[in-house]
Every structure is written in structure tokens, then in C-alpha cells.
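Presented below is the structure to which this report refers.
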Amino acid sequence: MKNLFFLVSSSFDDFKRNKVRTFLTSLGIMIGVLSVVLLIAFGQGLKNYIKEQFESIGTNLVYVLPGRIVGEGGGFRDPGSLGAKFEEKDVLRLKKVENVDYVVPVFEKSVTVTAGANREISQLLASTHEIALALNLEPEIGNFFTKSDLEKRAKVAAIGPKLAEKLFGSKDNAYGKTIRVSNQSFKVIAVLKSKGGGALGGPNFDTITYIPYKTSLRINPDKKFYALYLRARTDTNIAQVKKDAEKVLLKTYDKDEFQVVEQTEFLNIITSIFSVLNGILIAIGSISLIVGGIGIMNIMYATVTERIKEIGIRRAIGATKKDILFQFLAQAIILSLSGGIIGLIFAFVIVFFVRQIFPAEINLISVIVAFFISSGIGIFFGVFPARRASNLVPIEAIRYE
Amino acid sequence: MIELIDITKDYEVGDETTSVLKGINLKIKDGEFVGILGSSGSGKSTLMHIMGLLDTPTRGKVLIDGRDASKLSDEKLSRLRNTYVGFVFQQFNLINKLTVLENVLLPALYAVEKLPFDPRDRALELLAKFGIYDKRDARPNKISGGQQQRTAIARALIMNPKIVFADEPTGNLDTKTGKDILKLLNNLNREFGVTVVIVTHEKDVAKTTKRQIFIRDGEIVQKYL
């Protein structure tokens, strides 16, 4: 305590004499910190990934869904059979809600799309031309179907880029070709830009087939819709839009038959599920930190035993119990902390490379956590051997051979 | 001045209690040169450890300049060991991973108060005086026994102690080197007024001191047999 520099330098002298031992001991902490920091980084990455997905659609979307999908407590609920099927009238009514740019009806169905001999499963989304505006869909080749396509019941489709590649080999090849869905032919008039998704079991926006809903009568004969998407004007009060939409719908439907949900509510539910999973993983990863700490304790006991005579000498010439305690505690902390720092550096390197494909992220909190945990482990597991050293009776220690 | 009042030291081995010291009364005044003579097992080393505050008595009092040592905290005792006394051991007890100079400097690292001298200068001065200046960067296990004991004496002196305890300081040395070391301790006493207490089982060694105390079976006796 009197001389921090002396404590640190004497620890480093000791490490220099026992290089292999020092390396192996801090390796335990290194691996522990590495795994915990990486788990935090990947957990954060997963959240970022999901958020990006949602943001690519737009955060000012409000969904009108049948039944109660989102429960009172915030979790998903089984919508059950109870629930509204929305109609064209609802679209017109909701268009009157203030600050709403677009209202699009959505009929969704899983279908098999064929092109020549190729068959692919695709999510069919039948809606109006405005769905492109509501969901920020941009064509890479061609143009999205128009209002007149809708009214003319044109047999046209806009397809995702992955679907185009799977069916036709390339995006360029797909343009202008014909696909068949439920015995109906559609001309591909647009191949959309990639929106990603599909990883981790989520929806893949790149394999969806969009068609005008009026064309799809054979597929959806009674013109009922599974959902309605409302795109609020940018920077408006989404909560107010939600409330107004609810008021409009309550005139037609029972309050249990539908639900108005905003994008962020979905986001919150999904991120909270992943947070719990990630928390469990981090807890499991922390076991390796404890194992590393036991390694430090083990080595510190060995060091103390090796140095009993030296401790006796130091005590004889004036070192207090505290001096000895701090000497060994400092050594344990330095050992643990340097393992932690090296683990952190490795984590940064790994995350740097992973970021090319996945938005993993080491935030300030995980750096701070790594520092505190590794020095905390040094203190916790170092204090027992250090106390043993400081409590040695000087004259017995000095006689120890 | 160190005063021992009715000091006993018992060791318990299993169910049996052995008394190593049986009521020792002793005064050592400042500036004395004392030899404590006793055969092995007589308790002389234990006596020295108690006087030097390395060990505590089972009963009795150690007064350092009139202060009862048993009432002092570990911190105060350590400080007294650091500044008031110096030790020279038969086994030298140097730390082999430190250099000669670092060994000599070690007590200064544990000094609480700012020292009135530069420890490094003083250490080098002591090494020069003892003829081992050129060994300052060597490890203790690479130099001769005599040189090691000189290093140990330099370490004992660096903090300017009032009293130096030497436990069989010549025990691991040949006769000639032993004599040199004794001469050196004698000089310390004569020239610098340091109180020196030598513990030994050799009559010849004890004879070099000014006052001899004989100890046998844990008691002070008048005549050494």
C-alpha cells in the first residue's frame, strides 16, 4: 500500500519467473471473459439485427390484426379462431383517420409458385398498389403494379429477389416471365430490392410474391383480409393514430375481435424474448469465469506456499500483515485483470470480423463488466491465499524450508 | 533499552507442554555488546526472537524503551522491527530472486515515514564499507557465505537500528570468514554505538563480546558448563 509501484513490479517479477504458470492461469480468466463478452456482443447483435429488419419496413407502421395476438402482459397470445376478417369497407373507413398516409389490406397465404419445371414455396401477399409505399418496397427491375393494374385485375406479380433467383436463375431472367400460382398465371413485372430477413426462422422478405388483391379472387374468393396495414405520416403521434383506428373499428367489430398493434410493440416482445435467452447464455458462460477464478486461487495458494520463507523474511524486516496481504492480492488481481484484458482484446478482434456478416456489438457496458468482473474475481479468489500469507507467524515462516 | 520481565515460552506438542524459556529476566542497555551463550535446545534462539519481536512470550513482558510490546498492534510491532531492530541469521535469509542491493534496500520499502537519507546511497555506502560493492547486482546464491552474511548485516543496518541481533552469525562460515564477521559486528558496536546481541553456542564467539549471558534449559545461569 505504501508503494503501489513496488507491489506491481514485484508481481511482474514473479510472473516473469513463472511464465508458463502465469499464462495458463490467466488463460482461464481470458476464456471466461472472452465467452461472456462475446455472448453479450452477439446478444446485442441479435437485437440490432431484429431492429434493422423492422426499420427496413418502417417504424411508423400500425397493424390491424384479428383477435388478440399481443396479450395484456406484452407476450404473444394464440389468436384462436375468434377474430375479425377485414373487408374493403374497413380500408375506406380507416383512410379517414387523421395522419394516415396509406391503408392497405393484406391477404396472406403460403403457396407453391411454379415457373416451368421449378417449384418454390412462397408467401403470397395480395394487396393494393399502395403496399409498396407502406412497406418501403422498391423494385430493382421493372415497376411495382399500379392502381390501374389493381382495377383491371391485371394478372401481374412483383416478386422478391431470392424467389426470382430460385425460379429463374437470375433476377434479370425473371423479368417479364410467367409464374403460376394456384392454376393462375401471373406475369412478373417487378423484381424487388433485397430486404433481407429469413435468418433465425424469421420472415424472409425476399421470397414474397406480391399480387393485386382484386386479381386474386380465385385464391381469396370472399375478398376478406387477414390484416390491414396503416402507414402513419412521418413524425406523427403513432399512439393517437392507433387510438383513432381503434375507435373506427369498434363501430363494426367487437373489441376482442381485432387488435391494433404498432411496430415497436412487436419489436419489444421479440427483443425481450431474446434478452431472456441471452441472459441464460451469459449465466452459463459465467461458469467459466468461476472456474478461472478457482484456477487463480489454486495458483496463489501454491505461490504462497513456495514463498513462505520469503514472507517470513519480509515480516522480520518490517512488513506488516497488510503489506503481505496487499502484495499477494495485487498479484492475484493483476493476474486476473490481465487475463480479462487479453480476453477483451480477443473479443474485439472476433467481433470485428463477425461484423462483416452480423451486427454484433461490444458496448461500453460489457467492457466495464469485463474489467469489474475480472478484478472482482482476482479479489475474491485472491483474498483467501493472501490472508493465509499475511497471517503466517513470522518466526515460523522464516524457519520454513 | 530492552527489558525482559519473567519471560516464559511454552510449546505444546500433542498433550505435553514443554517450556523452552522458564522465567527469564534480562536487561540490555543501549550500546552494549552482549553474547548469549547456550547449547542447542537451551532456548537461546527463542529468547532472541522474543527480544527481537519476531515471537511472543507465553507469559511475561518485553519492554522496549519502557513500552510493553505485548500491547502493540501488528502494525506498530512491524514498524519497530523495521526501524528499531536489525537481524542477522545463521542461514543469512536473503531473498535469492532479488539482487544484493535489492536485498539491502528491502527494509526501506516497508518504511512508513520518509527516511532522512537516500536509501540507495546508504545501501551502496554500506556495501562499499563491507567490501561487496562490486557484488551489488549479483544474486545472493551466486556469492560466498561471507559475502552473503555481509549483505545480511548491511540489510540489518540500512534503517539505522538501535540494536542488531545476530543468531549464530558464524555458524555457516569457515573460521577465518567467521572471525571477519565478528570483527565487523564488534566495529559496529565500537564505532557507531549500535547495541549488538550475538546468540551462539561457541565459547570463542561469545568471548569476543563485552558481556556474556549463559543460558541452559531455558534459564539464565551464572556459569557456563
Taking the stretch B:158-183 and keeping residues part of a helix (DSSP H, G or I) and under 17 Å from B:E32 (Cβ atoms) leaves B:L182
Being outside any helix (DSSP H, G or I), buried (at least 20 other Cβ atoms within 10 Å of the Cβ) and more than 14 Å from every other protein chain (Cβ to nearest Cβ) narrows A:I377, A:I362, A:I299, A:I333 down to just A:I362
Just checking, does the stretch A:175-193 include any residue being open to solvent by 20 Å² or more (accessible area, probe 1.4 Å), within 30 Å of A:G43 (Cα to Cα) and part of a loop (DSSP other than H, G, I, E, B)?
yes
Of the residues in the stretch A:342-359 that are in contact (Cβ under 8 Å) with a residue 40 or more places away in the chain and under 30 Å from A:P385 (Cβ atoms), the one that is farthest from the other protein chains (Cβ to nearest Cβ) is A:A347
Quick check: is even one residue across the stretch B:56-75 surrounded by 20 or more Cβ atoms within 10 Å (Cβ to Cβ), more than 17 Å from the chain's Cα centre (by Cα) and not in a strand (DSSP E or B)? yes
Within the stretch B:3-51, the count of residues that are more than 18 Å from B:R216 (Cβ to Cβ), surrounded by 15 or more Cβ atoms within 10 Å (Cβ to Cβ) and touching a Ser or Thr at 6+ places or on another chain (Cβ under 8 Å) comes to 4
A:F352 fails exactly one of (1) open to solvent by less than 70 Å² (accessible area, probe 1.4 Å); (2) in a helix (DSSP H, G or I), namely (1)
A:R231: passes all of (1) buried (at least 22 other Cβ atoms within 10 Å of the Cβ); (2) basic (K, R); (3) in a helix (DSSP H, G or I) but (3)
Picked from the stretch B:76-87 (must be open to solvent by less than 10 Å² (accessible area, probe 1.4 Å) and farther than 27 Å from B:D10 by Cβ), the residue nearest to the other protein chains (Cβ to nearest Cβ) is B:N82
query: Has the stretch A:254-266 got any residue that is out of contact with any Pro (no Cβ under 6 Å at 6 or more places or on another chain), outside the structural domain of A:F380 (by TED's automatic domain parsing), in a helix (DSSP H, G or I) and among the hydrophobic types (A, V, I, L, M, F, W, C)?
result: yes
Across (1) part of a loop (DSSP other than H, G, I, E, B); (2) touching a Ser or Thr at 6+ places or on another chain (Cβ under 9 Å); (3) at the interface with another protein chain (Cβ under 10 Å from one of its Cβ atoms), B:Q90 clears everything bar (3)
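Give A:S9, A:S35, A:S26, A:S56 a once-over and let me know the one that is without any contact (Cβ under 8 Å) to a residue 12 or more places away in the chain and in a helix (DSSP H, G or I).
Residue meeting the stated conditions: A:S9.
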(1) in a strand (DSSP E or B); (2) touching a helix residue (DSSP H, G or I) at 6+ places or on another chain (Cβ under 8 Å); (3) more than 29 Å from A:F358 (Cα to Cα) all hold for A:A157 apart from (2)
Across (1) within 14 Å of chain B (Cβ to nearest Cβ); (2) open to solvent by less than 50 Å² (accessible area, probe 1.4 Å), A:G339 clears everything bar (1)
Of the listed residues (A:I368, A:I294), the one being open to solvent by 20 Å² or more (accessible area, probe 1.4 Å) and in contact with a Phe, Trp or Tyr (Cβ under 7 Å, 6 or more places away or on another chain) is A:I294
Within the stretch B:41-73, the residues that are within 14 Å of chain A (Cβ to nearest Cβ) and acidic (D, E) are B:D55
Within the stretch A:94-113, the residues that are open to solvent by 30 Å² or more (accessible area, probe 1.4 Å) and either hydroxyl-bearing (S, T, Y) or modelled with pLDDT of 90 or more (or both) are A:Y102, A:S110, A:T112
Checking A:A154, A:A158 in turn, the sole residue that is crowded, with 19+ Cβ neighbours inside 10 Å and either within 21 Å of A:I131 (Cβ to Cβ) or touching a Ser or Thr at 6+ places or on another chain (Cβ under 7 Å) (or both) turns out to be A:A158
Picked from the stretch A:4-20 (must be surrounded by fewer than 15 Cβ atoms within 10 Å (Cβ to Cβ) and more than 17 Å from A:I311 (Cβ to Cβ)), the residue modelled with the highest pLDDT is A:V20
Of the residues in the stretch B:187-213, those that are open to solvent by 40 Å² or more (accessible area, probe 1.4 Å) and outside any loop (DSSP other than H, G, I, E, B) come to B:N187, B:R190, B:E191, B:F192, B:K203, B:D204, B:K207, B:R211, B:Q212
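With respect to A:I313, determine if the residue is within 14 Å of chain B (Cβ to nearest Cβ), at pLDDT 90 or above and assigned to a helix (DSSP H, G or I).
Spelling it out, A:I313 is indeed within 14 Å of chain B (Cβ to nearest Cβ), at pLDDT 90 or above and assigned to a helix (DSSP H, G or I).
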Filter the stretch B:94-143 for residues that are polar (S, T, N, Q) and open to solvent by 50 Å² or more (accessible area, probe 1.4 Å); the one that is nearest to the other protein chains (Cβ to nearest Cβ) is B:N96
Picked from the stretch A:316-328 (must be within 7 Å of another protein chain (Cβ to nearest Cβ) and either assigned to a helix (DSSP H, G or I) or modelled with pLDDT of 95 or more (or both)), the residue surrounded by the fewest Cβ atoms within 10 Å (Cβ to Cβ) is A:K321
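The values are calculated or read from the model by the stated rules, or taken from the named source; none is laboratory data. These figures come from a predicted structure and were not determined experimentally. Here Cβ is always computed from backbone atoms with ideal geometry, including for glycine, and neighbour counts include all displayed protein chains. Surface accessibility is based on the protein's heavy atoms, side chains included, excluding ligands, DNA and RNA. Shrake-Rupley method; radii C 1.70, N 1.55, O 1.52, S 1.80 Å.
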